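The values are calculated or read from the model by the stated rules, or taken from the named source; none is laboratory data. Since we're looking at a predicted model, the values are computed, not measured. Heads up, the Cβs are rebuilt from the backbone with ideal geometry, glycines too, and the neighbour counts pull from every protein chain shown.
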Amino acid sequence: MSNTTSSSSELFGYVAEFSSATDLYHAAEKVRDAGFRRWDVHTPYPIHGMDHAMGLGKSWLSAIVLVGGITGSSVALFLQFFTQVSLYPTVVQDKPINVFTLPAFFPVTFELTILLAAFATLFGLLSIIMLPRWNHPLFNSSLFSKFSNDGFLMVIESRDPKFKREKTKELLEEIGAGKIEEVNY
Amino acid sequence: MADTNTANTAVHPTEAEGVVREPLVLNNRSLGWITERICGIVENRQPFIWWVLFVPSVLLFLCLVFSLVYLVSTGVGVWGMNHPVAWGWDIVNFVFWIGIGHAGTLISAILFLTRQKWRTSVNRASEAMTLIAVMCAGIFPGFHVGRFWMVWFLAPVPNSNAIWQNFKSPLLWDVFAVSTYFIVSVIFWYIGLIPDLATLRDRGKGIAKKLYGFFALGWRGGNRQWHHYEMAYLILAALSTPLVLSVHSVVSFDFATSVVPGWHTTIFPPYFVAGAIFGGFAMVLTLMLPIRKLYGLEDLITGKHVDNMAKIILLTGTIVGYAYIMELFISYYAANKFEGDAFHMRILSGPYTWAYYCMFFCNVIAPQVFWFHWARHNLWMVFIIVNFVNFGMWFERFVIIPTSLARDFLPGQWGYYSASWVEKLMFAGSFGMFFMLFLIFIRFLPIIAVSEVKGVLPESDPHYHDWKRLREKRRGAGK
């Protein structure tokens with residue numbers, strides 16, 4: 001994509017490259033303090049402490065997983081009690097056919113709890129981070145593809161209320177960005 | 001964060017207080033080198049030896065297909081089993097493979113929760129090994145039911161007479177445990193793969209780029225994604241930890257909740273779990289030692305990794321040895337006639353004592369060599385010992401399963417069980433399937449978790465360059 005013909009309505013944002021994890025970390029602290037909202041850092045691996053540097057709170061994925069786990073236990077208990085106690089009581093191994101048969105139901109309850117919690121983790125994660133999304137403006141940038149190898153990149157989107165075409169670029173240069181690339185939609 | 005005064009004494013955590021930790025990646029390799037080396041395995045042509053291994057594996061796998069077709073078209077009578085030994089090599093092989101399938105999740109989950117960073121170099125391959133081993137395991141009970149087309153009776157749906165499964169049976173618990181384990185391991189493995197698939201996507205061209213891109217789901221590596229990704233990984237590790245311990249416990253319930261002397265013991269769950277980790281690590285090393293040599297990964301899978309895994313084998317092997325001896329002691333101490341006779345026949349007078357001593361030597365005596373530093377660092381020695389363990393763990397299951405059944409309560413029906421050629425071919429064929437799938441995995445997917453290994457490099461620490469600058473300043477001040 002060429003950058004020269006872009007008008008500001010087409011601009012997605014800036015991709016800026018930093019030389020190391022340390023530089024990116026300190027740059028993120030400054031962008032956070034400048035009050036930006038629609039920005040992110042793209043790195044080959046999760047940088048320890050970056051959540052703090054970006055001002056992100058704790059991930060709430062765990063809440064989704066809890067719901068998944070509780071659903072799993074309930075489904076398992078219902079499935080077993082309904083079929084073994086109420087629908088068609090099977091008397092085997094001299095085990096009771098009432099509520100006291102609970103210990104024999106423990107393994108399946110445990111497994112289904114784990115199973116549904118794991119599904120909740122997978123699908124919860126994908127919904128929160130909004131994947132799959134195979135098409136994204138950032139994939140137009142040649143600089144951006146470095147993130148999966150050894151690039152430490154910062155992206156500030158033009159949708160951010162604080163975004164100003166010239167000023168934001170100056171800010172990026174000021175906090176130590178090397179290469180800066182404009183990305184269009 | 002450390003303020004300047006305290007940081008003066010410790011330039012970098014690895015150098016703090018004079019403790020220098022062995023680096024996890026040798027020769028100061030860069031991020032780019034790691035990407036290049038690991039993705040190169042997938043992108044370049046495979047070495048000739050890959051084909052040398054792959055072709056026989058496929059042929060062996062076809063033997064498995066043949067023996068299964070023969071089994072289904074003729075009937076389970078082609079196996080050497082008869083009353084009272086109704087569980088023979090099929091169940092032995094099932095427990096053997098499912099045991100091997102424990103190391104992967106142990107490495108990815110338990111070692112993650114305990115912050116063992118060395119796991120990053122070996123977790124991907126061992127998780128793949130886990131999935132493949134569980135697939136191999138699944139074949140045996142599936143065909144053991146006799147009429148394979150009735151295997152859907154195991155699923156929680158009522159059969160044609162509207163009768164539901166018996167949820168009080170350990171065999172059904174086993175169905176749930178193994179299938180849950182497989183699915184959760186696939187999820188864990190896949191989530192770990194997403195960033196690496198993105199790396200392959202960004203390097204690839206043409207159809208490869210499209211395919212890897214499809215499975216990478218459009219991963220962009222933003223910290224707003226990593227933030228939730230890391231939570232997901234942590235949660236999956238926390239879910240998998242009790243799961244991996246439960247699977248082999250549930251497998252052991254198949255035996256422990258029955259009344260057969262030799263099976264009916266409360267020590268089985270921990271004993272089986274320790275044995276599974278033991279056998280699983282042995283198989284991980286069996287695969288990783290040739291791979292690191294073949295693909296030049298010595299800087300990533302270092303002597304430290306081999307050393308750590310050898311220590312785990314030593315620990316779990318000793319736990320297994322303790323369980324063997326404790327079983328004997330309890331059968332003596334409990335003074336139960338049937339139990340006592342079962343173990344007497346197992347170790348002294350029975351027809352299978354050879355198998356017991358074979359197992360005992362391979363699993364308990366052989367790994368004791370790992371007490372010595374030189375043995376853990378001599379790769380040939382490690383390779384030989386882990387193969388003793390692979391061999392011994394198969395014998396452990398053989399000793400437990402058919403030999404207990406061959407001598408049950410009625411002496412009138414005692415017999416000697418030996419496997420038929422179909423069972424032997426099936427077992428050999430399952431190895432063919434295992435190696436075939438593993439070689440396909442090596443060919444198409446990154447065998448080391450690229451993004452995770454990058455994260456354990458010293459310069460990946462966001463304060464690394466701060467410390468470095470500080471050290472330079474301090475040196476300058478000292479002059």
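What are the pairs, 6+ residues apart or on separate chains, where a residue within the range B:45-69 that is assigned to a helix (DSSP H, G or I) has its Cβ under 8 Å from a residue that is polar (S, T, N, Q)?
Listed pairs, sorted by first residue: B:Leu64/B:Ser430.
Output the number of residues of the range B:282-302 satisfying the condition of being within 20 Å of B:Lys117 (Cα to Cα) and more than 16 Å from the chain's Cα centre (by Cα).
Total satisfying the criteria: 7.
Please work out which one of (1) on the phi > 0 side of the Ramachandran plot; (2) at the interface with chain A (Cβ under 7 Å from one of its Cβ atoms) is the condition B:Gly206 fails and give its number.
Unmet for B:Gly206, out of (1) on the phi > 0 side of the Ramachandran plot; (2) at the interface with chain A (Cβ under 7 Å from one of its Cβ atoms): (2).
Can you find, within the range B:24-65, the residue that is surrounded by the fewest Cβ atoms within 10 Å (Cβ to Cβ) among those that are hydroxyl-bearing (Ser, Thr, Tyr) and modelled with pLDDT of 90 or more?
Quick first cut of the range B:24-65, residues hydroxyl-bearing (Ser, Thr, Tyr) only: B:30, B:35, B:57.
Imposing the further condition that a residue be modelled with pLDDT of 90 or more reduces the set to B:35, B:57.
Details: B:Thr35: 24, B:Ser57: 19.
Ranking the candidates gives B:Ser57 first.
Anything in the range B:363-408 that is of a type in the set (Gly, Ala, Ser) and under 17 Å from B:Tyr324 (Cα atoms)? List them, or say none.
Listed by number, the residues that qualify are B:Ala366, B:Gly392, B:Ser404.
Give all pairs with beta carbons closer than 8 Å in which a residue from the range A:73-97 that is assigned by TED's automatic domain parsing to the domain that holds A:Ile114 meets a residue that is of a type in the set (Asp, Glu); count only pairs at least 6 apart in sequence or on separate chains.
Note: pairs meeting the criteria are A:Ala76/A:Glu111.
The rows are residues; the columns are (1) within 7 Å of chain A (Cβ to nearest Cβ); (2) at pLDDT 95 or above; (3) in contact with a strand residue (DSSP E or B) (Cβ under 9 Å, 6 or more places away or on another chain); (4) closer than 21 Å to B:Ile110 by Cα.
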{"residue": "B:Arg220", "(1), (2), (3), (4)": "yes, no, yes, no"}
{"residue": "B:Gln225", "(1), (2), (3), (4)": "yes, no, yes, no"}
{"residue": "B:Glu230", "(1), (2), (3), (4)": "yes, no, no, yes"}
{"residue": "B:Thr241", "(1), (2), (3), (4)": "no, no, no, yes"}
{"residue": "B:Val244", "(1), (2), (3), (4)": "no, no, no, yes"}
{"residue": "B:His248", "(1), (2), (3), (4)": "no, no, no, yes"}
{"residue": "B:Asp254", "(1), (2), (3), (4)": "no, no, no, no"}
{"residue": "B:Ser258", "(1), (2), (3), (4)": "no, no, no, no"}
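If you check A:Phe147 against the conditions, is it closer than 21 Å to B:Trp226 by Cβ, under 20 Å from the mean Cα position of the chain (by Cα) and crowded, with 19+ Cβ neighbours inside 10 Å?
Spelling it out, A:Phe147 is indeed closer than 21 Å to B:Trp226 by Cβ, under 20 Å from the mean Cα position of the chain (by Cα) and crowded, with 19+ Cβ neighbours inside 10 Å.
Suppose we filter the range B:251-270 for residues that are assigned to a helix (DSSP H, G or I) and surrounded by fewer than 24 Cβ atoms within 10 Å (Cβ to Cβ); how many remain? Explain how you work it out, then say what you get.
Of the range B:251-270, the ones assigned to a helix (DSSP H, G or I) are B:251-256, B:268-270.
Of the ones still in play, those that are also surrounded by fewer than 24 Cβ atoms within 10 Å (Cβ to Cβ) are B:253-256, B:268-270.
Summing the residues that are assigned to a helix (DSSP H, G or I) and surrounded by fewer than 24 Cβ atoms within 10 Å (Cβ to Cβ) in the range B:251-270 gives 7.
For the list (1) crowded, with 21+ Cβ neighbours inside 10 Å; (2) within 14 Å of chain A (Cβ to nearest Cβ); (3) at pLDDT 90 or above; (4) farther than 30 Å from B:His305 by Cβ, I need the number of the one condition that B:Pro141 fails.
The failed condition is (2).
Table: residues versus (1) part of a helix (DSSP H, G or I); (2) more than 9 Å from chain B (Cβ to nearest Cβ).
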position	(1), (2)
A:Arg32	yes, yes
A:Val41	no, no
A:Pro46	no, no
A:Ser59	no, no
A:Ser62	yes, no
A:Val65	yes, no
A:Val75	yes, yes
A:Phe78	yes, yes
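Restricting the search to the range A:98-115, which residues are in contact (Cβ under 8 Å) with a residue 40 or more places away in the chain and either at the interface with chain B (Cβ under 7 Å from one of its Cβ atoms) or of a type outside the set (S, T, N, Q) (or both)?
Across the range A:98-115, the qualifying residues are A:Leu112, A:Ile114, A:Leu115.
What number of residues in the range B:76-106 are aliphatic (A, V, I, L, M) and over 17 Å from B:Asn390 (Cβ atoms)?
The number of residues fulfilling the criteria is 6.
So which of B:Ser246, B:Ser240, B:Ser252 ends up being touching an Asp or Glu at 6+ places or on another chain (Cβ under 8 Å) and of a type in the set (Gly, Ala, Ser)?
B:Ser246
Based on this model, can you work out whether A:Ser142 counts as within 12 Å of another protein chain (Cβ to nearest Cβ), surrounded by 17 or more Cβ atoms within 10 Å (Cβ to Cβ), in contact (Cβ under 8 Å) with a residue 12 or more places away in the chain and among the hydroxyl-bearing types (Ser, Thr, Tyr)?
Working: within 12 Å of another protein chain (Cβ to nearest Cβ): yes; surrounded by 17 or more Cβ atoms within 10 Å (Cβ to Cβ): no; in contact (Cβ under 8 Å) with a residue 12 or more places away in the chain: yes; among the hydroxyl-bearing types (Ser, Thr, Tyr): yes.
Criteria not met by A:Ser142.
Can you find a residue that is modelled with pLDDT of 90 or more and within 14 Å of chain A (Cβ to nearest Cβ) anywhere in the range B:457-469?
no
Does A:Gly72 meet the test of being in contact with a helix residue (DSSP H, G or I) (Cβ under 8 Å, 6 or more places away or on another chain) and closer than 30 Å to B:Gly221 by Cα? Reasoning before the result, please.
Working: in contact with a helix residue (DSSP H, G or I) (Cβ under 8 Å, 6 or more places away or on another chain): yes; closer than 30 Å to B:Gly221 by Cα: no.
So A:Gly72 fails the test.
Inspect the range B:389-407 for any residue being free of Cβ contacts under 8 Å to residues at least 40 places away in the same chain, buried (at least 19 other Cβ atoms within 10 Å of the Cβ) and away from chain A (no Cβ under 14 Å) and give the result as yes or no.
yes
Keeping to the range A:123-139, report how many residues are surrounded by 21 or more Cβ atoms within 10 Å (Cβ to Cβ), in a helix (DSSP H, G or I) and facing another protein chain (nearest Cβ under 7 Å).
The number of residues fulfilling the criteria is 2.
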